[in-house]
Protein chains: 2
Amino acid sequence: MRFAVLFMLSSLLDKKERRIVGLMSGTSADGIDAAIIELRQKEEEAVSVSLLAFDTISFPVGLRDRILEISDPEHGRVDDICRMHFVLGELFAEAAGAVSAAAGYSMADLDLIGSHGQTIHHLPDRVELFGVKTGATLQIGDPSVIAQRTGIVTVGDFRTADIARGGQGAPLVPYVDYLLFKHTEKARGLLNIGGIANMTVLPPDAGPKDVTAFDTGPGNMVIDTVSETLTDQSIDYGGEGARRGTVSDVLVKDMLDRPFFNLSPPKSTGRELFGRSYADCLLREGRKNKMSADDLLATATEITVRSIHDSYHRFVEPVTKLDELIVSGGGAKNTYLFESLAARMAPVKVMISDDYGLSSDAKEAVAFAILANQTIMGRPGNMPGATGADRMAILGKICLP
Amino acid sequence: MRFAVLFMLSSLLDKKERRIVGLMSGTSADGIDAAIIELRQKEEEAVSVSLLAFDTISFPVGLRDRILEISDPEHGRVDDICRMHFVLGELFAEAAGAVSAAAGYSMADLDLIGSHGQTIHHLPDRVELFGVKTGATLQIGDPSVIAQRTGIVTVGDFRTADIARGGQGAPLVPYVDYLLFKHTEKARGLLNIGGIANMTVLPPDAGPKDVTAFDTGPGNMVIDTVSETLTDQSIDYGGEGARRGTVSDVLVKDMLDRPFFNLSPPKSTGRELFGRSYADCLLREGRKNKMSADDLLATATEITVRSIHDSYHRFVEPVTKLDELIVSGGGAKNTYLFESLAARMAPVKVMISDDYGLSSDAKEAVAFAILANQTIMGRPGNMPGATGADRMAILGKICLP
């Protein structure tokens, strides 16, 4: 065993089926999504995965507030950031242990861990400072800690290499969409409806350079704010409120009259454009016109549906007529939203990610398990058509146990 | 080329001589030390190195202040830390380019980069937080940026794996001392005289577990403060002031009467014990006794010399009688200090690192080049007898270009 590192990696790569843990904590900092997949390496680029286990492990009491505090330029302290980098590393390692134990696996059954970390700051715009022009991003939860604690090769910190290549460091899921869903004959769209909705477009028989991805506008963000404000539920479960209400077409048209919707992709957005003040504008108009909570939920849902369809119709369809649109994210569970979208997207067949064996909840954690596999194979994980990077790059940092 | 990663690493490891860049910026944040070494892998554990080039690249104006600012819990902001992580990554990459170009090498001539990064916080004491007991450390200057910009495999962030193993994350140079200076018959000590002085002890024919390292006490820290305060020079060049002065034995004895000096190794210290207030105590006594600046420089120098010799005499000699003591660091250039130490340490032969072909200025940057080589071979880089870790570990994170 002359070079231990080669032995370690090649014994891992020689396996045709690899069990990989994916770990993710989102910007909402609610807890750790932990997935275990079995990944089968097929021909050169393709992989297929089965989800073996998934769980969301809650953070200890008070941790979410601490994460939000250290993420805030006015309150974050370097000593707290330094400490939390290691506390989160230990908690990610514990989460890997917990999801494995619950599913009956020991650490020895696992081949690899991919950990996204916890974003505490993201400044993708390129700014010049000390003679250097660069974007920036900061994920904490040290992957070396995960590797040492679990004894498993760990890949972490995926976004920085894309930033170094001039990209936005996000979204990174499109490469995974490409690996899992590309089809020789069918054109497929992947739609993730989180707070914001994002679409990945895979033309038939696509190569990596043919893939595009962009934000279509609000996903659940406006619907959730209306529900929180006007009802006693934080979200409109299953879209039941919206189903009872009546859409105001005038108001939908009014709310879609924003420059963002006219921009050509690639484009990305967030809480800055479609957060509280956008929802307040809708709520104000509703009050003025004496609309019921249900009417406003129906109208908010229609804004999401219409903005997704408009984006498709204007920017995608002229180039790539989709055969299928596969939906994931929290919005996939809003039956009314899903049905409205399916009706409007016809003849495109609208499906749910779960129909393809990939739970829509687990998708992001699964994505970082797959991206870790890309890294240890020496293959890229970013899509320039999605992030704006100047080329594809091998993402992440490899930590040996 | 089925697995690009194996091809990349094995073509690197198949070379018997590797050209490796080492990059380091110390806590004083004056600039980037950049070394290029040629490393020859000998039998299983041994390496020999030649220094091909070395330079210290100054930081742009204002950058040092910004680094000190973001390192300070009261003033550091997360958005500035996030930005500086990338700015420093770019500057480390530029430094690698600059030292290579000046020495006539192109990037294609180089095999590997090891980058220590810039420490902005170090909290090695294990504290319990959210149910997790851990130390912490934070180095910035993203190594993925260095890999992307230079096109060279880069290993960075070495200290975190040792912290994860319960160690202090420092010192990491003892493994390098062991690789370069272990001798089948001679017992060797390696003494680095920076602000603090640190000794690595290599018994004859030592294995990694036989190596110990500890801080002996102040190095240049007190001498520099006396010089800054009482003369118009920030350091006592060559020890010329001290050579003219007379040592106060009473005062030396008094200043060495501190609990730290009686502690058995392993032990480490810093500015907390031997910083401003320790020097102020010396200066106050000097004023009281109407001592000249030169007398105080002589006395401060004697404190360093005596504390090194006492440590050796009490803690090392009973176990390992040194044949040679090899000195590096800024203190190696203080001729008077060096001569005083050599006189006191007799019959131990006191040498300077440069006599062994390793410039004492370049030693730390060279150390991180060598530690990067350990990582890509899948070999450890920490010494439990130096850091207190529960075992040896493969340090660092591998970033592929």
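The values are calculated or read from the model by the stated rules, or taken from the named source; none is laboratory data. This structure is a prediction, so every number in the text was calculated from the model and none was measured. Ideal geometry is used to build each Cβ from the backbone, glycine not excepted, and the neighbour counts take in all protein chains shown.
Is there a residue in the range A:212-219 that is of a type in the set (Val, Ile, Thr), part of a strand (DSSP E or B) and under 22 Å from the mean Cα position of the chain (by Cα)? For the range A:212-219, residues of a type in the set (Val, Ile, Thr), part of a strand (DSSP E or B) and under 22 Å from the mean Cα position of the chain (by Cα): present. The number of residues in the range A:375-401 that are within 13 Å of chain B (Cβ to nearest Cβ) and of a type in the set (Gly, Ala, Ser) comes to 5.
The number of residues in the range B:188-211 being more than 15 Å from the chain's Cα centre (by Cα) and surrounded by fewer than 24 Cβ atoms within 10 Å (Cβ to Cβ) comes to 9.
Using the structure shown, decide if residue B:5 is more than 20 Å from the chain's Cα centre (by Cα), farther than 19 Å from residue B:138 by Cβ, surrounded by 20 or more Cβ atoms within 10 Å (Cβ to Cβ) and in contact (Cβ under 8 Å) with a residue 60 or more places away in the chain.
On the way: more than 20 Å from the chain's Cα centre (by Cα): yes; farther than 19 Å from residue B:138 by Cβ: yes; surrounded by 20 or more Cβ atoms within 10 Å (Cβ to Cβ): yes; in contact (Cβ under 8 Å) with a residue 60 or more places away in the chain: yes.
Against the criterion (more than 20 Å from the chain's Cα centre (by Cα), farther than 19 Å from residue B:138 by Cβ, surrounded by 20 or more Cβ atoms within 10 Å (Cβ to Cβ) and in contact (Cβ under 8 Å) with a residue 60 or more places away in the chain), residue B:5 qualifies.
Picking from residues in the range B:128-187 that are facing another protein chain (nearest Cβ under 10 Å) and among the hydroxyl-bearing types (Ser, Thr, Tyr), the one that is farthest from residue B:67 (Cα to Cα) is B:134. As a summary of the residue check, residue B:315 satisfies the conditions (1) in a helix (DSSP H, G or I); (2) farther than 15 Å from residue B:215 by Cβ; (3) in contact (Cβ under 8 Å) with a residue 60 or more places away in the chain except for the one numbered (2).
Restricting attention to the range A:340-354, which residues are in contact (Cβ under 8 Å) with a residue 24 or more places away in the chain and over 25 Å from residue A:258 (Cα atoms)?
So in the range A:340-354, the residues in contact (Cβ under 8 Å) with a residue 24 or more places away in the chain come out as A:340-341, A:344-345, A:348-353.
Residues satisfying the conditions are A:348, A:349, A:350, A:351, A:352, A:353.
Annotation: residue B:265 fulfils all but one of (1) farther than 24 Å from residue B:385 by Cα; (2) within 23 Å of the chain's Cα centre (by Cα); the unmet one is (1). Considered as a group, the residues in the range A:27-63 that are surrounded by 14 or more Cβ atoms within 10 Å (Cβ to Cβ), within 11 Å of chain B (Cβ to nearest Cβ) and farther than 30 Å from residue A:12 by Cα include one that is nearest to the chain's Cα centre (by Cα), and that residue is A:59. For the range A:114-129, the criterion of a residue being in the same structural domain as residue A:99 (by TED's automatic domain parsing), without any contact (Cβ under 8 Å) to a residue 60 or more places away in the chain, under 20 Å from residue B:155 (Cβ atoms) and touching a helix residue (DSSP H, G or I) at 6+ places or on another chain (Cβ under 8 Å) is satisfied by no position. Listed by position, the helices (runs of 4 or more DSSP H) contained in the range A:322-401 that have at least 3 residues being closer than 19 Å to residue A:13 by Cβ and modelled with pLDDT of 95 or more are A:363-376.
Hey, among the residues in the range A:229-245 that are assigned to a helix (DSSP H, G or I) and in contact with a Ser or Thr (Cβ under 6 Å, 6 or more places away or on another chain), which one's surrounded by the most Cβ atoms within 10 Å (Cβ to Cβ)? Even if it seems obvious, please write down each step before you answer.
At the first step, the residues of the range A:229-245 found to be assigned to a helix (DSSP H, G or I) are A:229-230, A:237-244.
Subset that is in contact with a Ser or Thr (Cβ under 6 Å, 6 or more places away or on another chain): A:238-239, A:242.
Numbers: A:238: 14, A:239: 23, A:242: 30.
Among them, the one singled out is A:242.
Checked against the criterion of being within 14 Å of chain B (Cβ to nearest Cβ), crowded, with 18+ Cβ neighbours inside 10 Å and not in a loop (DSSP other than H, G, I, E, B), the candidates A:83, A:19 yield just one match: A:83. Candidates A:89, A:117, A:76: the one that is part of a strand (DSSP E or B) and either within 13 Å of another protein chain (Cβ to nearest Cβ) or surrounded by fewer than 16 Cβ atoms within 10 Å (Cβ to Cβ) (or both) is A:117. Condition test on residue B:372, is it within 14 Å of chain A (Cβ to nearest Cβ) and buried (at least 24 other Cβ atoms within 10 Å of the Cβ)? So residue B:372 passes the test. Against the condition under 23 Å from residue A:11 (Cα atoms), in contact with a strand residue (DSSP E or B) (Cβ under 6 Å, 6 or more places away or on another chain) and hydrophobic (A, V, I, L, M, F, W, C), how does residue A:103 come out, does it pass? Answer is no for this residue. Filtering the range B:275-324 to residues that are charged (D, E, K, R), surrounded by 13 or more Cβ atoms within 10 Å (Cβ to Cβ) and over 25 Å from the mean Cα position of the chain (by Cα) leaves B:285, B:294, B:295.
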